[in-house]
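Notes follow once the structure below has been shown.
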Amino acid sequence: MQRVPMTPDGYQKLQGELERLLKVDRPKNIKDIAEARAHGDLSENAEYHAAKERQSFIEGKIQELQSKLAMAEVIDTSKINQSKAAFGAKVKVLDIEADEEHIFTLVGPDEADVKNGKISITSPVGRSLLGKEVGDTTKVKAPARTMEYEILEISFE
């Protein structure tokens with residue numbers, strides 16, 4: 001079983017979502033099923049079928065979250081060499097060709113959220129930044145073009 005790196009914040013978010021599913025969503029859905037069942041004929045009862053479908057979704061999501069949490073390796077970024085880009089680092093880069101600055105936070109695959117600047121360490125950009133220091137440049141081949149980034153700043157929060 002391969003361990004998946006995760007920030008403490010990402011781990012807490014998954015735990016919170018799992019807790020909500022177990023303590024709020026699942027009991028509410030069980031109540032919805034019982035209520036729909038009380039309405040009689042189940043073969044033509046749309047509420048019952050919708051509640052059963054929701055139950056299936058909730059149970060699947062619970063299993064998925066439990067699996068992710070079991071495989072998570074929570075990494076304390078304070079114990080990482082902070083002079084190089086590594087897991088948990090916030091890296092400010094300059095796209096040399098486009099002359100644009102970007103800030104990427106390097107996270108595990110389960111926490112990636114490109115819209116919020118969180119990129120996976122397994123993505124092409126994430127892999128290219130790992131181990132680099134301020135002043136280094138790196139090239140990333142993407143389908144549209146090859147991007148060249150200069151690392152301007154590395155910080156850990």
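Quick notes
- Taken over region 119-157, the residue count meeting the criterion of being within 17 Å of Glu101 (Cβ to Cβ) and in a strand (DSSP E or B) is 13.
- When region 42-93 is filtered for residues that are of a type in the set (D, E, K, R) and over 18 Å from the mean Cα position of the chain (by Cα), the ones remaining, listed by number, are Glu44, Glu47, Lys52, Glu53, Arg54, Glu59, Lys79, Lys84, Lys92.
- Listed conditions (1) in a helix (DSSP H, G or I); (2) in contact with a Gly (Cβ under 6 Å, 6 or more places away or on another chain) are all met by Phe104, apart from (1).
- Filtering region 42-84 to residues that are more than 21 Å from Leu18 (Cβ to Cβ), surrounded by 13 or more Cβ atoms within 10 Å (Cβ to Cβ) and either of a type in the set (D, E, K, R) or in contact with a Gly (Cβ under 7 Å, 6 or more places away or on another chain) (or both) leaves Glu47, Lys52, Thr77, Ile80, Lys84.
- Inclusion of Glu73 among residues that are at pLDDT below 95, among the acidic types (Asp, Glu) and not in a helix (DSSP H, G or I) is warranted.
- Subset of region 98-139 [in contact (Cβ under 8 Å) with a residue 24 or more places away in the chain and among the acidic types (Asp, Glu)]: Glu101, Asp110, Glu111, Glu133
- Taking region 1-41 as the range and being among the hydrophobic types (A, V, I, L, M, F, W, C), part of a helix (DSSP H, G or I) and exposed (fewer than 12 other Cβ atoms within 10 Å of the Cβ) as the test, the residues that pass are Val24, Ala34.
The values are calculated or read from the model by the stated rules, or taken from the named source; none is laboratory data. Quick caveat, the model's predicted, so the values are computed rather than measured. Here Cβ is always computed from backbone atoms with ideal geometry, including for glycine, and neighbour counts include all displayed protein chains.
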